[in-house]
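Written below as structure tokens is the structure these notes are about.
The values are calculated or read from the model by the stated rules, or taken from the named source; none is laboratory data. Predicted model only: the values in this text are computed from it and were never measured. Here the Cβ is made from the backbone with ideal geometry for all residues, glycine too, and neighbour counts use every protein chain on show. Keep in mind that these areas ignore ligands, DNA and RNA; they rest on the heavy atoms of the full protein, side chains included. Shrake-Rupley method; radii C 1.70, N 1.55, O 1.52, S 1.80 Å.
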Amino acid sequence: WAAWKIFAGMSLLNNLVPFLLILWGQKHIASGLAAILNATTPLFAAVLAHGLAGERLAAHRLAGVLIGLAGVALMMGPDVIAEGFGGDVLAQLAVLGAAFSYGLSSLYGRRLHALEIAPQSAAAGQLTVTTLAVIPFVLLIDQPWTLPMPGWEAWAALAGLSLLSTAFAYVVFFRLLSGAGGVNASLVTLLVPVTALLLGTLILGEVFTLRQAAGMAVILLGLAVTDGRPVALVLRRLER
């Protein structure tokens, strides 16, 4: 029962609240701006870990997160920022609220490691609770029996999102959470725009610009600074 209580908390913080806020927010703001706001997750995670768990907010970690966030903004482009922040403030706050919820979940999820729950069990438990919580709303609002049966393309896309982008991804996430800690696990949000950009270029034939390459480089620099070890290695080499 202790595990199921944590699964319920993770379902609320890591699925139900952020999915609802992002879904509503992206109806009113551009996806690029949503990506930038969502990339604030590790910043919230670091501050929450400092305030609630007593983890010291190291200067290099805070600097690295801010550098990574700047890289995401650079990748998305100045037009997205200039146009986006003049738009719907409530929608922007909703996506920021989702990022805050993600940051809180990375801190809360460490309780699973204390109970020695395997990553695959943690992923299964969280998604099971989420599914059971959402089904009544699906039946009440969408009434799927009144909708036409989707084609095989929709089923294939759903299978890919379910198996690869959700089930497998959460197993990896909980593995990171137990081994690297909540703040480090939350850094994956900085890599989401990078992954989307690379896949869009390689698979969809989208244009890869110099600004996007520079943004990726800044994000990687931010991750290196957050980790601290690459920077320490360079400083030791310079001292020698």
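Of the listed peptides 32-42, 202-212, 105-115, what is their order by residue-averaged count of other C-beta atoms within 10 Å, with the highest listed first? Provide the component values of the computation, followed by the final result.
On the way: 32-42: 24.3, 202-212: 10.9, 105-115: 19.4.
Highest to lowest by the protection proxy: 32-42, 105-115, 202-212.
Dividing the helix sum by the residues of the chain, where each DSSP H run of 4 or more adds -39500 (n - 2.57), gives a mean residue ellipticity at 222 nm of -23500 deg cm²/dmol.
Descending by average beta-carbon neighbour count within 10 Å, the peptides 162-174, 61-73, 118-130 line up as 61-73, 118-130, 162-174, the highest first.
Sort 11-24, 144-157 by packing, meaning the average of other beta carbons within 10 Å per residue, with the highest value first.
11-24, 144-157
Computed over the chain with a Gaussian network model linking Cα atoms closer than 10 Å, the most mobile of ALA98, ALA30, ALA45 is ALA30.
Accessible surface for the chain, divided over its residues, is 58 Å² per residue with a 1.4 Å probe. Each principal axis of the Cα atoms in the chain has its own extent, and those three values, largest first, are 70, 46, 34 angstrom. Counting 0.36 nm for each residue step from VAL207 to SER31 and taking away their Cα separation leaves a gain of 61.6 nm.
With all protein chains present, how much of the accessible area of the chain (probe radius 1.4 Å) comes from carbon and sulfur, to the nearest whole percent? Heavy-atom surface of the chain belonging to carbon and sulfur, 1.4 Å probe: 72 percent. Which value in nm describes the separation of the simple spin-label points at LEU199 and GLN120, placed 7 Å from the Cα toward the beta carbon? Rounded to a tenth, the inter-label distance reads 2.3 nm.
From the C-alpha gyration tensor of the range 195-234, pull out the three semi-axes of the equivalent ellipsoid (sqrt of 5λ each), sorted largest to smallest, in whole Å.
Equivalent-ellipsoid dimensions as semi-axes: 27, 10, 6 Å.
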